[in-house]
Amino acid sequence: MRLRGGTEQAVLAALTALALAIFVGLPFVFILLQAIFPRIGAGSFKDPFAHFAGLVSAGDLPIETANSLLLGVGTVALSAVLAIPLAALRALTRLPGAVLWDLLFLLPFMVPPYIASLGWILTLQPAGYMQQLCGVNLAWFLFSVPGIVFVLTMNTFPVVYFALSRSFTAIGGRYAEVSRVAGATPLRAFIRVTLPLSWPSLAASLLLVFAMAIEEYGTPAVLGTRIGFRVLVTGIDGSISDWPVDLPKAALLSLVLVGLATLAFFLQRRLLVRRGYETATGRAAAAPPRAPLGRWRWPVLAGFAIVAFLASGVPLLAILATALSRTISGGLVPANLGLQNFRAIVANSSGAFSALVTSLGLALITALSAGLLGTLTAYVASRTNARLRGFIELMAALPNAAPGVVVALGLILLWNQPALPVTPYNTLAILLLAYVFLLLPQPVRFTTAALHQIGPSLEAAARVSGASAVRTLGRVLLPLLLPNLLAAMLLSFVVASRELVASLLVLPVGRQTIGTFIWSQFDQGSVGLGMAMAFVTIVVTTLLPLTVLIVARRAEAAL
């Protein structure tokens, strides 16, 4: 018996809502309960918020909140200072090798922040690569708040660069040319006309940078611990992993962290709705040609080269040099270089190859699971009038404000309950739950955007021809969504394969992932083996998605 269209949509909505409640809703609920009722682990609802006064009086909450804000605002400010002029030069001038610079600025996305931080330590620490080559070290700068901001900026500023360069290109120079006619200088025309028109892209990208900075664990943990610089993320981790374990404190810090990220999103929306930023009209107008650089050609190229070297060259070269070194103390000499660390990975030394296989396998399952759930979520939210639609939209939005440490805490609180007859805790399934939670926004965002470009007439035609809602989704919409969905799944695969913080907190005993393996090797002094794994990870997570995309495009072109 075939269900009617409305019934099928209701069933799909119910199943999607159930999955989202398990993957997303319940972990948040248990964090909230733990934050309010400190004794809930013992089954008691007594003394709500009793833990809050002690946390504030001890200074942990104010200090870690202020430090997180300082880190986020500092990274946003430095990213803006760096990315705005670079994006303007890329979009509005005849920049030689523009595509090459884009590729070089894309490389920081391929290097996880915690790995980049380890590369900077190896470069700037005493007896590091910089001292071996130049005779000086910058450890005093690296292990400082400005140093932490700098390292994070080198990893995040491309977000602003790519968003603004595309925005400046779309705006073009025609509006600035009008102000030039009125007597404005090029700089004044850019500041007063072009830059304000790009405010939506600027605000969105800076918001993302802020969220990335306050949610980043590896860089503050590696660099900030040495100077006592505690942020919310490291405070949550310490409350969970250090004895005595303080789950109520971790829950309260998690709520503050999620609140900061959520507040930033609301602030962005409020800023954008107060003014208009329309730059496109019904008439297609040819944009004025890009301005020549003239005598500024070589200074501009030098600036791009310096930024590219700092953002991409230094971390990657440090990772590769360390991976090739027999011993760190041996220095950068030919006799100390070889492939022994890469051979050790193939030989499964210290569980290296097993960690690689575990991470890649989990990443593949995560990409498929998040892709399926994300597609259903986007479809129900965009194409149905199901009663559960509002709940589904809320659940789909929650992961945007949840860093990995918060997700891990929620899963620990949820699945470590003694009353549960069956639990995924201390199995690889708990990692899968964490990864799907963290990466669900990617397929939802990509699929929703694609659905908005597909007219409802195609679905209506299929339904008139007798196709059910499920059959229409599978035979009509899914093939059209596939390119966007494939991109989202590849992104999910890349991020999941090298995720660190959730893996550190909920990893089953006796198992390792790529992230935890690199982290543990650095702590144990086997830096060469850890950096070899990092280099292999960067290569695999770069070449594999590119290969899939190339094959997919060739297959599409052959049809």
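The values are calculated or read from the model by the stated rules, or taken from the named source; none is laboratory data. The structure presented is a predicted model; accordingly, all values stated were derived computationally and were not measured. Positions of Cβ are backbone-derived with ideal geometry, glycine not excepted, and every protein chain shown enters the neighbour counts.
Just a few scattered comments:
- Segment 413-434 - residue that is of a type in the set (Val, Ile, Thr) and without any contact (Cβ under 8 Å) to a residue 40 or more places away in the chain and, of those, nearest to Ser239 (Cα to Cα): Thr423
- Listed here are the helices (runs of 4 or more DSSP H) enclosed by segment 4-103 that have at least 2 residues being small (Gly, Ala, Ser) and outside the structural domain of Pro220 (by TED's automatic domain parsing): 5-20, 50-58.
- Evaluation of Arg343 against (1) free of Cβ contacts under 8 Å to residues at least 40 places away in the same chain; (2) crowded, with 22+ Cβ neighbours inside 10 Å; (3) not aliphatic (A, V, I, L, M) (one fails), failing number: (2)
- Single residue of Leu71, Leu82, Leu86 found to be at pLDDT 90 or above, under 23 Å from Pro196 (Cα atoms) and buried (at least 23 other Cβ atoms within 10 Å of the Cβ): Leu86
- Residue in segment 509-517 that is among the aliphatic types (A, V, I, L, M), over 21 Å from the mean Cα position of the chain (by Cα) and at pLDDT 90 or above present: no
- Qualifying residue in segment 216-228 (condition: surrounded by fewer than 20 Cβ atoms within 10 Å (Cβ to Cβ), closer than 30 Å to Val406 by Cβ, of a type outside the set (S, T, N, Q) and modelled with pLDDT of 90 or more): yes
- Looking only at residues in segment 89-109 that are among the charged types (D, E, K, R) and over 23 Å from the mean Cα position of the chain (by Cα), the one that is surrounded by the most Cβ atoms within 10 Å (Cβ to Cβ) is Arg90.
- Any hit, segment 124-131, residues being in the same structural domain as Leu89 (by TED's automatic domain parsing), closer than 24 Å to Glu499 by Cβ and touching a residue at least 12 places away in the same chain (Cβ under 8 Å): no
- Positions within segment 326-338 being loosely packed, with under 11 Cβ neighbours inside 10 Å and in a loop (DSSP other than H, G, I, E, B), in sequence order: Thr327, Ser329, Val333
- Test: residue in segment 131-143 that is farther than 23 Å from Thr225 by Cβ and surrounded by 14 or more Cβ atoms within 10 Å (Cβ to Cβ): yes
- Members of segment 337-382 found to be hydroxyl-bearing (Ser, Thr, Tyr) and either under 15 Å from Ala532 (Cα atoms) or in contact with a Cys (Cβ under 8 Å, 6 or more places away or on another chain) (or both), listed by number: Ser349, Ser350, Ser354
- Hey, Ser382 closer than 22 Å to Thr513 by Cβ, at pLDDT below 95 and hydroxyl-bearing (Ser, Thr, Tyr) or not: no
- Residue match in segment 47-62 (condition: farther than 28 Å from Pro418 by Cβ, touching a residue at least 24 places away in the same chain (Cβ under 8 Å) and among the polar types (S, T, N, Q)): no
- Only one of the listed residues (Ser354, Ser382) is touching a Ser or Thr at 6+ places or on another chain (Cβ under 8 Å), surrounded by fewer than 18 Cβ atoms within 10 Å (Cβ to Cβ), assigned by TED's automatic domain parsing to the domain that holds Ala14 and touching a residue at least 60 places away in the same chain (Cβ under 8 Å). That residue is Ser382.
- When Arg326, Arg343 are checked against the criterion of being within 18 Å of Leu118 (Cα to Cα) and of a type in the set (Lys, Arg), Arg326 stands alone in meeting it.
- Positions within segment 430-440 being assigned to a helix (DSSP H, G or I) and either touching a Leu at 6+ places or on another chain (Cβ under 9 Å) or at pLDDT 95 or above (or both), in sequence order: Ile430, Leu431, Leu432, Leu433, Ala434, Tyr435, Val436, Phe437, Leu439
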